[in-house]
Structures are given as structure tokens and as C-alpha cells.
Amino acid sequence: MRLADEVRNRLKGMNPIERENAVRELREVVYEDAYETITDHDDALACPLCGSIGIVKKGRNPNGSQRWQCRDCKRTFSQMRDTLIGRSKLPVAKWMMYVECFVDCLALRECAARCGVSLRTAWLMRRRLLKCLERYLPKFAAGAGVSVQLDETYLRESFKGNHRKGKFVLPRPARHRGDSLHKRGLSREQICVMTGVADSGTAFAVLSGRGVISKRRAIESLAGRIGRGAHVMADEAAAYPGAMEMLGAVFERVDARSHRVNRINTLHSNLAGFLAGFRGVSTKHLQSYLTWFLWRRSFRDDRNDSIIRQVDAQPCPGVTRDWNGVTPPYMEYWGMAA
């Protein structure tokens, strides 16, 4: 408390401009120290070139971070060199600020304003984080004796995004939020998302084509996730009995309002609330947002610490050009190549 009181007293004696600068510097120090505390794993370091764990300290980087040297190949490297944050030109403090925004699912414009970066930079930071988190999702695999609740949810196809600079041409007139679809009920204007929840609590959500689910698409979505002997509960969709027979699972049809499918209904409710905060998600990026939703569900506690440890463990597996010019899926419906 003495340190906190001293800081407060010093801030009170400053003019508004000095106070603003001091608070900004203090915030950066706190974020940088938090990052160092979360990623303090010197014993786990290895040489990025030869993999040797025989390393010693070897000076410091211009920003004050520690450098290391491999005793075997003599290469020097930084602890963060090949990680997402280590390779970024942005300071650690901005990444820590952005992680807080990411965990809270804030809109891109608000993330950009809070972190002091451009809108495009905020978008690229989100893409990089999403790409890093994909590999940490618990794998969904239900085998013999495992109970699974299955259901599908349908979302409007969206071409949301800035198309002024790209070559993509909208296959239909732009539709504003709130406008009704051309066809009532379930139609091919909607994208099917197959979802499932096991009795262990693990879940999956994957895009499964356009319109009402078919037997073929159900098998494609569930192959590798539903194994022989699994006990599957689902509603009256006509595709499930044949698909379960092909996969060797035991199928039980239940009423969609039954308490026996409460888990999958809760998943759909939470997913709808998650997506609503973004005011529409482009279909071409929807699978990444489903991954984000499942990651938040899997890491409910200490999300800030979890995400920092995860992105600090390995390099980001993608680059900017991988996310530019992505073609929306299922474009054959519009007479365009997918």
C-alpha cells in the first residue's frame, strides 16, 4: 500500500498532460511485467535451430529482454524470437491490452481505439490469435459408451466486409441487417452449422453446407467425431438415422424440447449470444469464430493467462497473405467457383 500511496501522491502533483503520460508509462510497465510473469519458463527453453537445451544467457536485446546462446551450435536467440509476440513489431504492452479486448470479445473498432492501433492492424491481430488458438481446442472423439447430443443450427449467409479494394463481386444485392430472407423457413440462403456435446462436456461446431442437413453432409461432418458404439441423441432431422447407421453409432430420437438435450440447446443459446456481439460475421470467417467460441468455452478460467501461454508456446502458423482474398464457401450455389 505504501507504493500505491506514493504513486497516487506523485500523480496528484502533476499537471494533466504529465499525469496522462505517467499513467500510460505505468500501464505499459504493468503489462510488460504481467507478460514476463506469465511466460517465465526459462527451464523449458531450447535452441530454435538444433533443439539443444544446453543454453546460457548471452546479453540483452535493445528493449532489455534476455538473449541466449546455444552451447552446441553457438547460435544466439531471444526467448520470444519465434513466437507470435516475439516476432511482432508491436510492443508487448499493446499485445497484452489486445488480449484483454480479445477475451472480452470487443468489436474491432473498440479494440483499435483501446490499443492505439489501426483498424486493419486490429483485424490482423485477431486473425493471428485465432490461428494460434486452433491447435489448443480439445479434440472431439466419441467412442463406444459415450453419450452425445447432436443438433444443427442455421445462420444467414453473410458477405460482410470491405469489398471496394478486392476483386470479389457480391453474387446478390447487399442486404441490410434486419431485412427478411427471400424464402421463409430453412432454405439454401442459410448456412448449416453442425454441433455436438458429449457427456464429458467437450463440444464441436463445424460448417456443414447450405440448407437443411443431408445424410451425406452429416456423415462428412461427423466422421472422425462419432465412432462405433457411441450413443447419439438428436431431434427429428431425417438425415440422422441413416448417418448414424453408416457410422456404427446407436441413434435415439428425442423431442427437441426434452430436458435430455439441454446441453446442446444451451450450446446453441450461448453461440447465438456470442455471435450477436459482433453484429454479423462473414461466412468465410465463420469457422474461425466457431473456434473462438469453443476456445472460450474450454478455457473458462484464467483466459488471459491461458491465451498468453498458448501464443507464446509456438510460432503463429499463418501469415497475412493467408487471410487476404479468402473466398466464401459454398459459392457453387451462386454459379461461382468455391
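The values are calculated or read from the model by the stated rules, or taken from the named source; none is laboratory data. Being a predicted model, the structure only gives us computed values, none of them experimental. Methodologically, a virtual Cβ is constructed for each residue, glycine included, from the backbone with ideal geometry; neighbour enumeration extends over all protein chains shown. Accessible surface areas use protein heavy atoms only, side chains included; no ligands, DNA or RNA. Shrake-Rupley method; radii C 1.70, N 1.55, O 1.52, S 1.80 Å.
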At 1.4 Å probe radius, can you tell me the per residue accessible area of region 252-316 in Å²? 51
Holding the Cα-Cα limit at 27 Å, pick out from K131/K160; K167/K215; K89/K131 the pairs that are longer than that. K167/K215
Which distance in nm do the two modelled labels at S187 and C105 give, with both placed 7 Å along the Cα-to-Cβ direction? 2.9
Efficiency of FRET between D322 and R260 - r from beta-carbon atoms, R0 35 angstrom, step 0.05: 0.25
Ranked by accessible surface with a 1.4 Å probe, highest first, in what order do R188, R128 come? R188, R128
Please list the three semi-axes, largest first and in whole Å, of the ellipsoid equivalent to region 99-144, using sqrt of 5 times the eigenvalues of its alpha carbon gyration tensor. 30, 10, 7
In terms of modelled amide H atoms, which long-range or inter-chain residues lie less than 5 Å from the amide H of F204? G196
Two decimals is fine: what's Rg over Rh for region 222-335, C-alpha atoms, Kirkwood radius as Rh? 1.03
Assuming R0 = 41 Å, what is the FRET efficiency of V169 and C73, from their Cβ-Cβ distance, to the nearest 0.05? 0.20
Which value, in Å² rounded to 10, gives the accessible area of W68 with a 1.4 Å probe and all protein chains present? 20
For region 64-113, evaluate the Debye formula with one uniform point scatterer on each Cα (no solvent term) and list log10 I(q)/I(0) at q = 0.15, 0.26, 0.33 Å⁻¹, rounded to two decimals. -0.54, -0.99, -1.19
Taking θ as phi - 60°, what are the ³J(HN,Hα) couplings along region 143-150 by the Karplus curve (6.51, -1.76, 1.60), each to the nearest whole Hz, with x for Gly and Pro? x, 4, x, 8, 8, 10, 9, 10
Starting from the Cα-Cα distance between W334 and K160, subtract it from 0.36 nm times their residue separation and give me the gain in nm to one decimal. 61.0 nm
Projected label distance in nm at I17 and S269, using a 7 Å step from Cα toward the beta-carbon: 5.4
Can you sort S200, S306 by solvent-accessible area, 1.4 Å probe, largest first? S200, S306
Diffing region 120-125: the Karplus 3J(HN,Hα) column from phi (6.51, -1.76, 1.60, θ = phi - 60°), in whole Hz with x for Gly and Pro, holds 5, 5, 4, 5, 5, 5
Give, in nm to one decimal, the length gained when the segment between R114 and R8 is fully stretched (0.36 nm per residue of separation minus the Cα-Cα distance). 35.8 nm
With all protein chains present, calculate the accessible area of C115 using a 1.4 Å probe and round the result to the nearest 10 Å². 0
Region 82-230: Rg to Rh, with Rh as the Kirkwood radius over Cα pairs: 1.04
Counting only residues 5 or more apart in sequence or on a different chain, those whose built amide H sits under 5 Å from that of S147 are D199, H231
Dividing the Cα radius of gyration by the Kirkwood radius, what Rg/Rh value follows for region 177-268? 0.98
